[in-house]
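Notes for the one structure printed next.
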Amino acid sequence: MLVLLLLGVLLAFWLQEVIYKKYWHKNLIVHTEFVDSYVYEGDLSYLREEISNDKKLPLPALEVRLAINRNLIFSNEAKQNANITDQSYRRDIFSLLFHQKVIHTLPFLCARRGYYQIRDVEVVGYDLFFDGKYYLNAAQHTGFYVYPSQTDTRRIRLLCRTVSGMILVQSRLYPDPFEFSGIREYRPADPMHHINWKASARSTSLMVNQFDSTTNIRTTVILDVEDAGILRYESLTEESIRIASSFAARMVKEQMELDLISNAVYEDPSEASREEPASSEGQAHWRALSWHLKPGAGHIGELNRKLACIDTTQNFSGIDSLLQKEITQKRTGHIYVLISKNQREDILARLHTLASGGNEILWVVPMRPEMKLAYKNSPGIHFMRWEAA
């Protein structure tokens, strides 16, 4: 009798092993996705894991292993299953009965700008006796952007007022750089203070005052991410990117147009996916950053996506060549905002050449509290000390 019982156990063990080996992954769906399409540095976001076992075979233990960039820091209880080395490696264990779905939502802190994605996860299944171990790679297609954080509103307002003052000096116009040109229907991008309440009361929809620029003066922002010195200041480079993003957003909100150029290079995966591979070797689609911004939330969103994808470790040209290119444009009455931590004589010499053409230049210098501003204001060139936190 004991022998028969033992044979029955061995048969059951063998049979379940055969069944699990063949069917454990049937109708098993493992899906991960980032809840947000974008957030800003320092924001909290979420990763959603959805595991579905749509069959009559239970899965007593199922491991879902994934690697995620270490700049996404899991918080609260989600920390427990994360091991951080070069990346953050997660190991989540699920138990699913027949036709069961399990959903986990994991919070994480976005510590740094960038584009983050998950391309695959490793799934490990076990049989009823936890003796058999089966592996599966499940392809994933999820990604999201972490935009540069927006700097202190008061500091950006000061920067914008400085630039507005330079525009007024150049144009010799009234303090309001816009002139009334008519009334039209309200659009989502219009600021609330442009609403014409009297006209709206006589209409079935909100109406806003429409303004035309009273000057042809344009503003060009030049973002310098070069860090070629003996001492590298990555934090100041990141602060420069934040300033560029915040200033552009503020100017666009005030219905101003501007150009942003940089010696930075970026690769936006959403753009690369719509094109053929750059080469048979699969090289990245690196692009020089150059963008014209018009009023509207969509434009600043596109710029922030590009700023998020800047890789400061890639090869890019020095700021000197970018300034030389602007000199060859031979513009007059133009406003330049240079954002650069690199206080060098060659840069200053290029700026003097630009200023000699009747242009106004504001050099925003991100620096640490212990650093000193090397230069003083001169005709056409103004300096703004910007202490990084």
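What to note about this one:
- Among the residues of segment 79-99, at least one is closer than 30 Å to Thr151 by Cβ, part of a helix (DSSP H, G or I) and modelled with pLDDT under 90.
- The set of residues in segment 310-359 being touching an Asp or Glu at 6+ places or on another chain (Cβ under 6 Å) and small (Gly, Ala, Ser) consists of Gly318, Ser340.
- Filtered residue count, segment 9-53, keeping only those that are within 27 Å of Leu303 (Cα to Cα), aliphatic (A, V, I, L, M) and exposed (fewer than 14 other Cβ atoms within 10 Å of the Cβ): 1
- Selection status of Ala374, part of a loop (DSSP other than H, G, I, E, B) and over 25 Å from Ser149 (Cα atoms): yes
- Looking only at segment 105-117, and only at residues there that are of a type outside the set (A, V, I, L, M) and outside any loop (DSSP other than H, G, I, E, B), the one that is nearest to Glu17 (Cα to Cα): Thr105
- Glu360 vs. criteria farther than 17 Å from Leu322 by Cβ, touching a residue at least 40 places away in the same chain (Cβ under 8 Å) and among the charged types (D, E, K, R): yes
- Looking across segment 183-206, the residues that are in a loop (DSSP other than H, G, I, E, B), small (Gly, Ala, Ser) and farther than 16 Å from Val252 by Cβ come down to Ser203, Ser205.
- Residues in segment 118-132 that are within 14 Å of Ile93 (Cα to Cα) and in a strand (DSSP E or B): Val121, Glu122, Val123, Val124, Gly125, Tyr126.
- Verdict on Lys330 being on the phi > 0 side of the Ramachandran plot and modelled with pLDDT under 90: yes
- Lone unmet requirement of (1) at pLDDT below 90; (2) under 22 Å from the mean Cα position of the chain (by Cα); (3) surrounded by fewer than 18 Cβ atoms within 10 Å (Cβ to Cβ) for Leu5: (2)
- Residue that is nearest to Glu257 (Cα to Cα) [pool: residues in segment 179-203 that are over 32 Å from the mean Cα position of the chain (by Cα) and at pLDDT below 80]: Glu179
- Selection within segment 328-362 - under 19 Å from Leu289 (Cα atoms) and in contact with a Leu (Cβ under 6 Å, 6 or more places away or on another chain): Val337, Ile339, Lys341
- Once segment 343-364 is narrowed to residues that are surrounded by fewer than 22 Cβ atoms within 10 Å (Cβ to Cβ) and among the polar types (S, T, N, Q), the residue that is farthest from the chain's Cα centre (by Cα) is Ser356.
- Residue satisfying all of: in segment 267-320; of a type in the set (A, V, I, L, M) and part of a loop (DSSP other than H, G, I, E, B); modelled with the highest pLDDT among these: Ala284
The values are calculated or read from the model by the stated rules, or taken from the named source; none is laboratory data. Bear in mind that the values here come from a model prediction, so they are computed numbers and not experimental data. Here Cβ is always computed from backbone atoms with ideal geometry, including for glycine, and neighbour counts include all displayed protein chains.
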